[in-house]
Amino acid sequence: MDRELAQDFTRRVTQASRTELVVITYEIILEDFRSAKTAFEKKDRELYEKELKHALRFLNELIGALDFSIPISHDLLSLYSFVNKKIIRAQFHKEPQALDAAASVIETLRRAFKEISLLDHSGPVMQNTQQLYAGLTYGKGTLNEAYIDPNEVNRGFLA
């Protein structure tokens with residue numbers, strides 16, 4: 001994943017509700033799959049491994065966040081286990097095509113949670129962050145952030 005995309009994900013996380021965080025996590029995993037496949041095609045085995053390990057870390061975060069008092073969590077665990085097996089197969093057998101089935105499952109879940117996130121009006125999970133408006137400036141490919149309240153002195157997290 002390139003630096004600009006990582007910064008975009010970071011910006012989105014600061015403003016995300018709970019369901020949006022799940023959507024972002026799915027998008028990160030899908031991006032890791034794309035990057036891994038590209039690295040494999042370019043014969044960059046080190047980057048291939050790195051991207052798959054990164055996807056596994058985010059998948060494990062999703063698994064760890066499951067609340068098993070909610071019945072659908074058991075179904076999600078089954079799907080996540082399937083994706084986990086496909087990633088491990090791609091990793092150890094050097095079969096990036098195994099990621100296609102995993103990506104299909106994650107993309108389906110991403111679309112479903114995207115719809116759910118539209119109904120989630122709980123607001124950002126992270127507190128004490130600034131609301132951001134971002135846009136491209138006239139600089140060559142630079143992205144400047146403009147804040148709602150530029151005089152806000154308490155930027156960041158409360159200690």
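Points to keep in mind about this one:
- Among the chymotrypsin sites (Phe, Trp or Tyr not before Pro) within region 1-85, those in coil by DSSP and having at most 13 neighbouring Cβ atoms inside 10 Å are Phe68.
- The heavy atoms of Ser122 offer some 80 square angstrom of accessible surface to a 1.4 angstrom probe.
- Projected label distance in nm at Ile70 and Lys43, using a 7 Å step from Cα toward the beta-carbon: 4.7 nm
- Among the trypsin sites (Lys or Arg not before Pro) within region 21-66, those in coil by DSSP and having at most 14 neighbouring Cβ atoms inside 10 Å are Lys42, Lys43.
- Per-bin percent of Cα-Cα distances, region 29-93 [5 Å]: 4, 18, 26, 21, 13, 9, 6, 3, 1
- For region 1-118, the gyration tensor built on C-alpha atoms gives an oblate shape. Its axis ratio a/c (a ≥ b ≥ c) is at least 1.5, and a/b is not larger than b/c.
- Net charge of neighbours whose Cβ lies under 14 Å from the Cβ of Val23, counting Lys and Arg as +1 and Asp and Glu as -1: -3
The values are calculated or read from the model by the stated rules, or taken from the named source; none is laboratory data. Everything numeric in this text was worked out from a predicted model, so none of it was measured. Quick reminder, even Gly has a Cβ in these numbers, built from the backbone with ideal geometry, and neighbours come from all protein chains shown. To get the accessible areas, we keep the full protein, side chains included, count just its heavy atoms, and leave off ligands, DNA and RNA. Shrake-Rupley method; radii C 1.70, N 1.55, O 1.52, S 1.80 Å.
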